[in-house]
Structure formats: structure tokens, C-alpha cells
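Down below is the structure, laid out as C-alpha cells.
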Amino acid sequence: MSPSSSFLPPGSEEASVNKRQQEASKSRDGQLPELEAAFREVFAQYDSAQAHAHYKCQRLGCERVQSDYRRGDKFVHKWLSDRDLTYCERTGVYWLLYEESQGMYCYLCRRHDTQNKQNKTKVFNGTPAVRYKKSALQVHAESQQHAAAVHAELTGRMSEREMAEKEKEEGAALHALFLAAYWLAREDLPTAKLLSVLRLLAEAGLKGATHFRRSDTLQEVFLSLGQVIRSRLVSRVKQAGCYGLLSDQVTASVGADVEDSAALMAFVQYVDPKTAEVLTNFLFVQAVRRRPESDFPEELAGLISRTVAQLELPIQRMASLVTDGGEVMTAESAGVAARLRELNPSLITFHCLCHRLMLAGALTCPDCHYLLRVESYLEQLWELLEKCQGLAEAYLSVRLDKALPSGRLRCELLRRLRRACRRRRVSFDSSVEGAYNDYGALLQALSRLQDTDAAACGLLGQLRNVRFAGALYILREVSPILAGLSKVFRKGTVNYFTLEPSIKYTVYKLNEAAGSREALTRLKTDLLPTGRLASTDLPLPSPEQEAELGSLLDAYVTAVKGDLQRRFGGSLSLVSAFSIFNPLLVPAPESPDFADYGQPEIRTLAAHFYRGINGGEAKVDQLLGEWGKLKFDLHTWKNNVPDSVLTDTRVTVTEWCLRRLFTLKSELHRSCATLLPLAEVSLSMPITNAWSERGFGALRRIAAHLRGGRADLLDSLMHISVNGPDFGTVDCSQIVQEAALLFLQQRRRRFGGGMAGAGSLAQEKLLLAPAKWEEGAEVCYSEVAGVQSEQELEQLQQELDETLSSLQLPVNSDSEDSLCD
């Protein structure tokens, strides 16, 4: 396009495009006799009535072939003129010829007599192809046999200079293909859009952008990108002395359509030996099916051991394992952690205290199963409130105690309510807190729709009773206690010295909540005529109901305490022993406590790592001697702790000390030879589950777009999305180049250049499609946009913030939520 084309009058650009298309059509028409003559030279039967080719049928107006009454697939005449199927952009030739009762031939392969390099067959050349499928034509178009014919055709036409320019164009097209695929995966966009993006690039003038069209081939582009990123990650982990694994069983059936399936997702944490930086990366996700006759923990343990072995990461170098706290993981003798300890006795295993802590105990206690039903009711409630516009409007009307405002403010309130409902569906703590605060308003809103909405009527019957209200008050009483414990185990706040006291304090508060019956007392007070729940018309609990709720509270507290014990088990004292590396806790050398400081902890660590090893006693003595020297260094480092570490929450003092120790390993190698591996074990221990939650969010977004594909496609897309460098960086360019080379190498090694049979991994629709009323709200929002002045928008924003404050909905100042944008 010339620079002045942007200033053409209306309609002239379209006319110029039509003119170019007409000129191209005339050029092709002028070449038709030459192309037909070339076809006659290659195919003696070209002029026969049974032979069909694009140029011949276009001249004769032929649009169908003679009916074939044999069983099986039939040849489709329009394939001859399908530009995306049988047209070679490099040579400019429709290469397919079909002979009735014989089969399909390729003009280019027949002309240059190419063959399959693997088995020396000449299908589409001397031997007709009789598999009448589009996929058969696509496979041939991307085969080595066809590529050799194209190369021979171009060599006969072009000079060496022209061939070099052509290869340069093809290299640019291949780079654009992988760059577009990487961008789609990094932005969590549907991978099926890759072909559309390539067509856009072709329209923009990039030659050869749509050379690859098969879905299997385009999937291999993403697989190559994921394989390169995974290989880079594994090579870095191999350089580390040890690594920690964070595994999370995704029970949402991400990998299949059946209910008895799940997926196992794993992250790896390690220390970069060059920079002493602690890195956490996604490692793998594998689908696993639960079979009634099989040992599911054994299957998960075998899956982990096999996968790390395939990645060439020895399980003996796995220093720690952190799981999601599920029963299949935490079982003392038959869980996944116990099975892996049999393979690696020095493995430190514990279970994350931030993951489903509120209801983990209820899963194993039959007396607490009603709490699981409460969780299900709350999920249904927030989902219905998010999707049903009538219920949302009724709820807002009850909360505001007036009719809903109209116009833009109404649409924004509905949008904010939907966001709050999504957040409450994801977080059980937020779900309980929201239902506790809005219990009366929710019942009133449901009652308004009970005659017209069956779902609202059913939920109202389950929520409007004393048993549900009592369970909600029990969960509300325990939730802050467990939330406080979860904060202790978040990244940046993990202090090994306070782990055991924090758990003991949580158990103390749980016993206090069960003994005082404060939750049930508050429920009875709120149900009084002057109480907070007077509008619900619920009666006071009867003595039988009160006794039932008291038993539920006792059973729930007992189950939670048992789950806390099971999550750490015997590893709590071992993990707490690493607290001695906090320089702020080291007493002064002149203090009487200095000599014995850290001695019990060192013996605890030595007993774990050196048990069953020949010369273990000598190792313990060496470790104690090195610790006696290191204590003086730690006391000196006490005054060197940066202020940023003392005030920031991203790095703890213990982590700073261990990283410094690891950085000085070349200087301290002789004096701390046995202490340095312990420092690396502590640094590689992934106590927090923040990475697991981030990975699950990416997994949901990617799985929502997938509609099948190869079994390892989901894993590759996760590597690109979570581990891939930012788009446009130097690392991104290197990965794209390496993936393109790997892609070409794999295609050369493949049988005949064709594609291997692809497996299928059906993905469950984890993200629900937006409801129609949401689209209406967004339309309403967009219709009024831009009609108010800036002052009116500011007044509207102030009114919205005041309304949200009264509704106790989140008030954000982000640009995406501001009405003034």
C-alpha cells in the first residue's frame, strides 16, 4: 500500500482492491493453457472424461464426478478448487488430479517423481491415493515427499538468488507463526484462533503465513514452544543441589469428561546456583482417572515418580514435598506422601495450611458432612445470584431498602454484584462471610422469586431453617481462627520459629470456641424479635436442635484439630528446626545460652538426613562443629540485615540469611560443607501455596478454551502461560527460534513427514458462559457511555461508591472499575 492510500476518497480503496483481484484473475486465465499443457505432459489421461483437475473443470464448467456406489468415503469435487486444501502458495499450482474409479494424484509429485523416503512408496505419484478424506490431502501437502517436489519445482524456475530470497521469506513466515502462537498462549487466548491470526498476517502482506493449516500441525507449534520452555526449566533444576515439589490434586475433572477423573498439578522450587535466587516454576500437569478397583494414592505416587523420572529429575534429590492437604495425600501410612517417602526416606513431607483448611476435616468426619452440604448450597446461591438478573435486582432492592436506580448506576451495581459473587464462589471464607452478613436479605430476595423460579424456591427451602443458620454461625466462628493461621504460612511471612506456637494457639482458640458455645449464643440473640435476624421469621432453636448444633460444633472442631495434626505430622519439629538460621534469634557470644543455642535443632536435622547412612555419627559431629563456627557469623550478620528485609514482606530474615550463606558458598565451602546442603533444602521448601493457586487459575482459563487435542497440549500451554518470558523480550525471541528449529527437526524425523495420530484430552467447561442478562447490562452500560460530562461522571462515581459501601461490596479504585475512564 502506498503512503497516500490512506487519503483516498470513500469507495476508491475498495475499487482498487477489486481492480487488483480482476488483474490477478486475468493473469491466471492467461496461464491456464500453459498449466493445462503441463498437466497433459504429466498425465496421459488428462483429457479423459474420467479425469478431473481444477484448470480443466474450470474451463469446462464441471462441478461433480460420476457417482460411485461402493461403500466408504466419496471424493468431493470442490476439493480440486479449495485454495486452503490443494493450492500450493509457493508454486502457485492447484496440484490435485482425480481419476474416477482410480484415485487421487499430485501433479508436482508425479512431475518430479518423488517418493516417501521411509518406505519408498509413491502414493499420489505412481500409486493413486484412495483415502478420500480432507485429512489425507492435508497430510500429503505437509509431507516430505510433497516438499521435495515443491523444492524441485522452484529450483527449476528460480535462480539461486531468487531461491535464497524465497527461503528468507519462508523463514520469516515460520517465525511469525511461532511468534503468533506464543502471543496467543501468553495472553490465554483460544489456540484455535491461530489460523485466523495467520490469515490476518497474510492479508497484511506476509507471504507464506498460512502454509500450515492442519489443526494437528498447529497444535504441534504450541507443543514445541512448551517443550523448549520445559527443557530450559529442567536444565536449571538439574544444576541445583535439590528441589522441592508442590503438588495439588485438581478435583474439577480438568482432563476428562467423566466424574471419576482428576488432574495432578505440580510446581518445583529450587535455588539458582549462580544467583542464589529462589525460583518457583510450574513443572507439569497430568490427567489421572480414579478407578474403583485401583489404589488411588499408589497411582498418584507412581505418576509423580514416573513424571520426574521422565524429566530426568532424580527423586532422591527431591528434598521436600508439599501437598494440598487432601486425604489421599495426608494418609499416614497409605497416602501419596508416605509412598514417596518409601522411595526417598529423607524426604520432608507436610501439607499446606492455606488450602481448603476450613472443610478439610469435614471430608473425613461423618458427623460433619452437613457442612459440605452447606458449602454446596452457598455455591449454588452465589451462582444463581450471579446469573439471575431478577434475583440480583431483588437482593439489591432489599439491601438498599428502596427501588433500584435506573440507568448507568443500575448497570454498574449489577456488574459489581456479579464480581462479588464470583469472588465468593472461589473463596469459601468470603462465601461464609458474605452469607453471614446478608443472611436476612438473601432470604427475602429468594422469597420474592419462589413462585416464579424453581431454583430460588429450592434454595430457599434449604437455607430457611435453624440448622443451616446454626451451621453458618459455626463456620463464621471458626473462619477467622483458621484464616489467621493461614496468614502465617503465606510467602514473606513464614517464620520457622513461630510455626509450632501458631498451630498450638490455633488449637487453643478452637477449644475455646467449642467450650464457650459463643456461636450458638450469638445465633439465639440474633433470632430474638429485636435481633439481627428478626426479619427471617425463624424460631429460636429447640433444645433438640441446640443439642444437635452443639454436637456439630464439637465434631467440627475435633475434625479440624485432627486435620492440622495430619497436615504436618512428624515434620513440624523438623521444619521448625530451620529457625536457627534467623540471625536475629542468635544470642550474644558472651551470653550463657550461646553455647547450647541451635544444638537440639542441629541434632534433629542430622537425625533425619543422616539416618541409615554409613558414618552417620561422624557426619553429625562434623555438622555440630560447623554450626559452632557459623553461630559467630550469624551474630555478626545480625547488624547487616537490610531495612528492606525488615520491613518488606517478600523476603523473610531467615531466607535472606540462607541466601547470603548460599552466595558465600565458595568462601564457606570448607567451613560449612555439610551446612550448605541444609540451607538449600530450607530455601527449596515451598511452604506457601500461592503458586498452586496461581497455576489453578491459569489451568481454568486454558481448559475453558480447549475443545480436545493431544494429551500433552494442556501441559505445554501451562508452561507458556506460567513460565514463559514476557512477549517481546530477548528470551521470548530465543524460545521462538529454538521452538521453530525443534518443530522442523521433529517433522523431518517423522514417518513420511506426516502427522502422528493425535490423542484426545477432553476438557471440562470450568468457566460458565455469561448469562443473557449480563449482556443486557453491558449493553446498557455502553449505551450511556460518553453522554455525561466529566462533572456528572464524578458525581455518579461518588454515588456509586456510597451505595457500594452501604452494600458492603468491594470498592476499588482501579482504572477498570472507574466510571470516569
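The values are calculated or read from the model by the stated rules, or taken from the named source; none is laboratory data. Remember, predicted model here, so these are calculated numbers, not experimental data. Positions of Cβ are backbone-derived with ideal geometry, glycine not excepted, and every protein chain shown enters the neighbour counts. For accessibility, only protein heavy atoms count, side chains too; no ligands or nucleic acids. Shrake-Rupley method; radii C 1.70, N 1.55, O 1.52, S 1.80 Å.
Worth pointing out:
- Just one of (1) surrounded by fewer than 19 Cβ atoms within 10 Å (Cβ to Cβ); (2) in contact with a Gly (Cβ under 6 Å, 6 or more places away or on another chain); (3) of a type outside the set (Gly, Ala, Ser) fails for Gln545. It is (2).
- A count restricted to the stretch 387-408 and to residues that are in contact (Cβ under 8 Å) with a residue 60 or more places away in the chain, in a helix (DSSP H, G or I) and open to solvent by 10 Å² or more (accessible area, probe 1.4 Å) stands at 6.
- Residue ranges of helices (runs of 4 or more DSSP H) in the stretch 626-709 with at least 2 members at pLDDT below 75: 665-668, 690-705
- Evaluation of Gln45 against the conditions (1) farther than 30 Å from Leu195 by Cβ; (2) open to solvent by 80 Å² or more (accessible area, probe 1.4 Å) shows that the sole unmet condition is (2).
- Residue selection: Gly72 fails the criterion of being out of contact with any Phe, Trp or Tyr (no Cβ under 7 Å at 6 or more places or on another chain), closer than 19 Å to Ala37 by Cβ and either without any contact (Cβ under 8 Å) to a residue 24 or more places away in the chain or of a type in the set (Gly, Ala, Ser) (or both).
- Residue list for the stretch 286-308, restricted to those being assigned to a helix (DSSP H, G or I) and touching a helix residue (DSSP H, G or I) at 6+ places or on another chain (Cβ under 7 Å): Phe296, Pro297, Glu298, Leu300, Ala301, Ile304, Ser305, Val308
- Residues in the stretch 88-123 that are in contact with a Phe, Trp or Tyr (Cβ under 6 Å, 6 or more places away or on another chain) and in a loop (DSSP other than H, G, I, E, B): Trp95, Gln118.
- Scanning the stretch 716-771 for residues that are part of a loop (DSSP other than H, G, I, E, B) and modelled with pLDDT of 65 or more, we see that the one that is least open to solvent (accessible area, probe 1.4 Å) is Gly724.
- Top-ranked residue in the stretch 168-184 [being farther than 15 Å from Glu220 by Cβ and in contact with a helix residue (DSSP H, G or I) (Cβ under 6 Å, 6 or more places away or on another chain); ranked as least open to solvent (accessible area, probe 1.4 Å)]: Ala176
- Of the residues making up the stretch 91-129, those that are surrounded by 14 or more Cβ atoms within 10 Å (Cβ to Cβ) and among the small types (Gly, Ala, Ser) are Gly103, Ala129.
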